[in-house]
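None of the figures in this text is laboratory data; all of them are computed from the coordinates on show. It should be emphasised that the depicted structure is a prediction, and the values quoted were computed from it without experimental measurement. In this analysis, Cβ positions are derived from the backbone assuming ideal geometry, glycine residues included, and neighbour counts consider all displayed protein chains.
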Amino acid sequence: MQKRSRSSTIAFYLSISPWLIGLVAFAILPMLISLVVSFTNWDLISSPQWVALKNYQRLLNDPTFHQSLKVTFLFTFLYVPLDLAGGLFLAMLVRPKLPGIGVFRSIFYLPVIFSGVAFVVVWMWMLNPDGGLVNLALGAFGIQGPRWLMDPNWSLPSLILMSFWGWGRSMVLFLGGLQAIPRDVYEAAEMDGAGKVRQFFKITLPLITPILFFNLVLSIISTFQTFTSAFVATNGGPLDSTLFLVLYIYRQAFQFFNMGYASALAWVLLLIILVFTLFVVRSQKFWVFYIGEEARG
Amino acid sequence: MADFKVRRMIFKPKTWSTIARYLVLVIFGILFIAPVFWMISSSLKADYEIFSFPIKWWPKEPRWQNYPEALSQLPFGRFAINTLIIALSTIIGHLLSCSIVAYGFSRFKAPGSGFFFLVLLSTLMLPYPVIMVPLYIIFSRLGWINSFLPLIVPAFFGNAFYIFLLRQSFKQIPADLEDAAVMDGATTLQTLWYIILPLARPALATVAIFTFQAAWNDFLGPLIFLHDQTKYTLMQGLSFFRGSYTVNWAYLMAASLVVSLPVVLIYVIAQRQFVQGIAFSGRKG
């Protein structure tokens with residue numbers, strides 16, 4: 001029913017108008033404001049002062065900002081591959097339709113429901129040095145566990161460790177992809193004498209690269225924005241060891257009311273995310289395999 | 001018939017690999033369920049039991065009073081009402097705006113329609129932390145700080161994820177149905193309301209459930225816009241509870257469980273839509 005006519009043009013723009021208005025009011029306008037404010041000093045109360053590029057110069061020499069970059073990058077580079085590998089592992093595990101497999105799928109997915117504050121609070125207690133299950137279990141083997149979130153050397157590894165509990169999210173995505181692979185592909189490979197490992201690397205992995213790609217992009221974008229776990233579990237500490245970039249932006253904006261500096265930091269975050277996303281999107285021609293591409297020639 | 005299949009599968013020569021798989025499943029199952037079990041067990045412990053070594057798997061006498069006591073530490077009833085108001089309003093907002101916009105994207109071709117669809121997809125990647133500062137500035141000028149409006153009003157202007165999801169679902173509805181309605185003199189809005197929406201019910205349910213979960217678990221939004229304790233949401237309340245100088249872990253676990261219960265219940269009831277929503281957007285809650 002897709003007609004190209006004047007009435008259909010009017011109908012199209014009328015029906016998408018709520019979104020268009022929202023796009024301008026809640027995305028484009030804020031971005032422009034943010035860009036302008038990033039060239040000013042402004043505490044929201046007095047009138048803003050134009051400082052040109054001072055905020056951007058400041059972040060070059062701000063050790064706290066550098067620390068927040070380090071934390072954010074380190075976390076993202078460790079978390080994203082682990083999350084993808086873990087999700088794929090769980091998906092492979094629950095893939096066959098065995099009796100009771102649904103129960104396991106639900107168990108692996110359940111923690112995803114506890115997203116946000118509750119997820120973090122559970123793990124603060126699990127990793128509590130004295131009463132947490134992790135150290136009690138280690139203690140049963142005579143191992144003295146570390147002080148986890150309270151130790152500056154262990155706080156970031158703790159946040160990475162507890163993230164395994166969220167693997168269910170990427171598991172669901174991978175499971176959908178795995179189930180779409182036709183069985184006869186594997187049967188043919190088995191007839192040719194390919195073992196399980198070979199089948200995984202030669203069939204499964206190439207065929208799910210589109211989902212791997214999709215997952216990778218989303219995971220990078222969302223991991224660079226990590227906030228809640230750091231805010232609730234450690235508030236950036238101890239000794240700024242978990243001071244993520246978004247937490248630093250939050251502090252500059254809503255605790256110190258440096259709207260200008262916070263906006264400059266936000267633009268840096270946007271640029272980082274943009275560069276990484278573009279890099280991954282560009283790289284897809286080297287490793288993402290779409291079925292039907294050869295057919296098109 | 002299902003039983004027959006199952007039996008055949010188990011007694012194939014593959015039995016050993018199946019047993020190995022179950023073994024790994026059980027180990028990981030225990031790893032994943034342990035935090036929830038520990039949460040429940042801790043929520044029922046008395047003060048003297050909570051830090052006891054060796055591991056006390058279950059309290060000697062489950063202390064059920066922990067629940068009412070925990071919930072009376074802070075006005076959790078108020079927080080629940082606040083969260084419900086925000087969640088229900090955003091559901092209404094998303095259902096209304098996203099279905100109209102998605103209808104436009106799925107049915108009408110116009111100069112620029114392809115371009116705007118690309119814009120829609122690219123806004124999926126816009127990070128909220130980047131616009132939170134200017135949004136705060138805008139909403140504070142409007143005098144909306146400390147009200148639910150900054151969290152509710154944007155929902156009435158669509159959401160890229162749900163528009164995309166509904167568009168995909170509308171596209172699968174055959175156009176003949178609408179053509180017949182149009183012949184009978186139905187307006188565009190009437191076709192949307194009487195023909196498309198009833199047929200797209202599963203997709204609409206996914207949007208509603210997913211919006212509910214996102215609103216329920218949202219933390220950064222309320223943290224920025226709601227400062228008065230009477231306006232707090234449940235997640236804010238939980239975070240505030242944790243921040244109080246002496247953490248009572250039994251109370252905190254009890255409160256976390258109660259606060260998470262509605263979303264867990266919805267997950268149990270509408271698992272299909274829930275997983276579909278995640279699978280579709282891949283978004284973190």
### Query
What's the average, rounded to a whole number, of partner chain beta-carbon atoms within 10 Å of each residue's beta-carbon in B:29-40?
5
### Task
Pop a pseudo-label 7 angstrom from the Cα along the beta-carbon direction at both residue A:141 and residue A:187 and give the gap in nm to one decimal.
4.4 nm
### Task
Starting at the first residue of the stretch A:99-106, write each ³J(HN,Hα) from the Karplus equation 6.51 cos²θ - 1.76 cosθ + 1.60 with θ = phi - 60°, in whole Hz, x for Gly and Pro.
x, x, 5, x, 4, 5, 4, 5
## Note on the structure
Taking every residue of A:8-14, the Cβ atoms of other protein chains inside 10 Å of its Cβ average out to 6
### Task
Please list, in chain and number order, the residues 5+ apart from residue B:109 or on another chain whose amide H is under 5 Å from its amide H, with Hs placed from the backbone.
A:3
### Query
Across peptide A:28-34, how many C-beta atoms of other chains are within 10 Å of each residue C-beta, on average?
5
### Karplus (6.51, -1.76, 1.60) ³J(HN,Hα), θ = phi - 60°, over the stretch B:203-215, in Hz, Gly and Pro reported as x
5, 5, 5, 4, 4, 4, 5, 5, 4, 4, 4, 5, 5
### Query
Order of B:94, B:227 from fewest to most other C-beta atoms within 10 Å?
B:227, B:94
### Task
Report, ordered by chain and residue number, the aspartates and glutamates lying within cross-link reach of residue A:196, taken as a straight Cα distance under 19 Å and ignoring same-chain residues fewer than 8 apart.
A:184, A:187
### Message
At most 14 other C-beta atoms within 10 Å and a DSSP loop state: those are the exposed trypsin sites (Lys or Arg not before Pro) I care about. Give me the longest piece of chain B that has none.
### Response
B:61-285
### Query
So what does log10 I(q)/I(0) come out to for chain B at q = 0.09 Å⁻¹, using the Debye formula with one equal point on every Cα and no solvent?
-0.64
### Task
Would you mind ranking A:71, B:26, B:153 by Cβ crowding within 10 Å, fewest neighbours first?
B:26, B:153, A:71
### Task
Two decimals is fine: what is log10 I(q)/I(0) at q = 0.08, 0.10 Å⁻¹ for chain A, from a Debye sum with one equal scatterer on every Cα and no solvent?
-0.52, -0.78
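How charged is the neighbourhood of residue A:151? Take every other residue with its Cβ under 15 Å from the Cβ of residue A:151, and add Lys/Arg as +1 and Asp/Glu as -1.
With Lys, Arg at +1 and Asp, Glu at -1, the net is -1.
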### Message
With just the Cα atoms defining each centre, how far is the stretch A:1-59 from the stretch A:148-187? Give it in Å.
### Response
35 Å
#### Entry: Chain lengthening between residue A:21 and residue A:103 when straightened (0.36 nm per residue, less Cα-Cα)
25.1 nm
### Task
Using the Karplus curve 6.51 cos²θ - 1.76 cosθ + 1.60 with θ = phi - 60°, work out ³J(HN,Hα) for each residue of the stretch A:214-230 in order, rounded to whole Hz, and write x for Gly and Pro.
4, 5, 5, 4, 4, 5, 5, 4, 6, 6, 4, 9, 3, 9, 4, 4, 5
### Task
Taking amide H positions as placed in the peptide plane 1.01 Å from N, state which residues far from residue A:40 in sequence (5 or more) or on other chains have amide H under 5 Å from it.
A:51
### Summary
Label model pair residue B:55, residue B:190: point-to-point distance (7 angstrom along the Cα→beta-carbon line) in nm is 6.6 nm
### Query
Given a Förster distance of 41 angstrom, what is the FRET efficiency for residue B:24 paired with residue B:72, based on the Cβ-Cβ distance and rounded to 0.05?
0.40
#### Entry: Residue-count net charge about residue B:20 - beta-carbon cut-off 13 Å; Lys, Arg +1, Asp, Glu -1
+3
#### Entry: Projected label distance in nm at residue A:64 and residue A:45, using a 7 Å step from Cα toward the beta-carbon
1.9 nm
### Message
As a test of the definition: which semi-axes, in Å, follow for the stretch A:58-143 when you take the square root of five times each eigenvalue of its alpha carbon gyration tensor? Largest first, please.
### Response
32, 22, 13
### Task
With a cut-off of 12 Å, note down the residues of the stretch A:136-166 whose backbone N falls inside the zone around a label point 7 Å from the Cα of residue B:34 toward its beta carbon.
A:136-141, A:162, A:165
### Message
Take chain A, mark every one of the trypsin sites (Lys or Arg not before Pro) that falls in a DSSP loop and has at most 16 other Cβ within 10 Å, then report the longest stretch left between them, sites excluded.
### Response
A:98-297
### Summary
Counting every C-alpha pair in the protein assembly as shown, the percent lying more than 30 Å apart is 58 percent
### Message
Test of understanding: ordering A:171, A:191 by Cβ neighbours within 10 Å, fewest first, what list do you get?
### Response
A:191, A:171
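With a sphere of radius 15 Å drawn around the Cβ of residue B:152, what net charge do the other residues whose Cβ falls strictly inside it have (Lys, Arg +1; Asp, Glu -1)? Can you show the working numbers first?
On the way: positive: B:231; negative: B:218.
For residues surrounding residue B:152, the net value is 0.
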### Query
Which aspartates and glutamates does residue B:231 reach when only Cα atoms under 15 Å apart count, and residues fewer than 8 places away in its own chain are ignored?
B:218
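Charges only on Cβ, +1 for Lys and Arg, -1 for Asp and Glu: so what's the dipole of the stretch A:1-138 about the Cα centre, in debye to the nearest 20?
My answer is approximately 780 debye.
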